[in-house]
Amino acid sequence: MIYEIKISHHDMALIQEELEANKPYEACGVLIGIINDSTAHVEKALPVTNVRRTRTSFELDPKEHYDAWNDAEKKGKEIIGIYHTHPVSSAVPSLWDRETMENVTSVWLIAGADGMRAYIWDNGIKAIKIVEYE
C-alpha cells in the first residue's frame with residue numbers, strides 16, 4: 001500500500017497554477033513516475049484537458065491520457081496517479097471522486113481552495129502524506 005507521495009516544488013506549483021488558470025472549472029492531469037515500496041515518486045505532473053469542463057467534475061481527455069501513458073511507458077515510467085482541482089471547495093474527495101476512486105487504484109492528488117491533499121483507495125479512502133522536494 002502507498003503511504004506517501006513525493007512530488008517536486010515545481011510540480012506542486014504547476015498544479016496550483018492550473019487551479020488558478022481554470023477557475024471556476026476543475027483542471028486535471030496525470031502524475032508520471034515510479035512506485036517504490038510504499039512511496040509514489042512523481043517525476044512529472046502533466047496537465048490533461050478536462051473534457052467535462054465543469055465546476056464539480058472532471059474527465060481526462062482520452063487521447064491525451066493515452067498519449068501520456070504511452071510516452072511514460074516508453075521511458076520506463078508509469079502513470080502513478082492523477083490530479084485534479086477543486087477551485088471553490090476543499091481538497092477532499094467529492095461524492096463523484098469517491099465513486100470513481102473505487103475503480104482507480106492509483107494516487108489521487110486534489111488541489112483545493114484550502115491546499116493540497118493526496119489519497120488512495122484501500123477498502124475505503126485513505127489520506128496519504130505529501131512530501132515536497134526541490
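The values are calculated or read from the model by the stated rules, or taken from the named source; none is laboratory data. What you see is a predicted model, and the numbers here were worked out from it, not measured in a lab. Methodologically, a virtual Cβ is constructed for each residue, glycine included, from the backbone with ideal geometry; neighbour enumeration extends over all protein chains shown.
Numerical summary
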{"quantity": "Filtered residues of region 94-134 (kept if of a type in the set (Gly, Ala, Ser) and free of Cβ contacts under 8 Å to residues at least 24 places away in the same chain)", "calculated": "GLY124, ALA127"}
{"quantity": "Scope region 28-44; condition free of Cβ contacts under 8 Å to residues at least 60 places away in the same chain and touching a helix residue (DSSP H, G or I) at 6+ places or on another chain (Cβ under 9 Å); matching residues", "calculated": "CYS28, GLY29, VAL30, ILE32, GLY33, VAL42, GLU43, LYS44"}
{"quantity": "Residues of region 34-54 satisfying the condition of being among the polar types (S, T, N, Q) and part of a strand (DSSP E or B)", "calculated": "ASN36, THR39, ASN50"}
{"quantity": "Count - residues of region 104-134 that are touching a His at 6+ places or on another chain (Cβ under 8 Å), among the small types (Gly, Ala, Ser) and assigned to a strand (DSSP E or B)", "calculated": "2"}
{"quantity": "Criterion violated by SER106 - all others in (1) closer than 19 Å to MET12 by Cβ; (2) of a type outside the set (Val, Ile, Thr); (3) in contact with a Pro (Cβ under 9 Å, 6 or more places away or on another chain); (4) modelled with pLDDT under 95 satisfied", "calculated": "(3)"}
{"quantity": "The lone exception for SER57 - which of (1) within 19 Å of TYR119 (Cβ to Cβ); (2) of a type outside the set (A, V, I, L, M, F, W, C); (3) not in a loop (DSSP other than H, G, I, E, B) it fails", "calculated": "(3)"}
{"quantity": "Selection status of VAL92, at pLDDT below 95, under 15 Å from the mean Cα position of the chain (by Cα) and surrounded by fewer than 19 Cβ atoms within 10 Å (Cβ to Cβ)", "calculated": "no"}
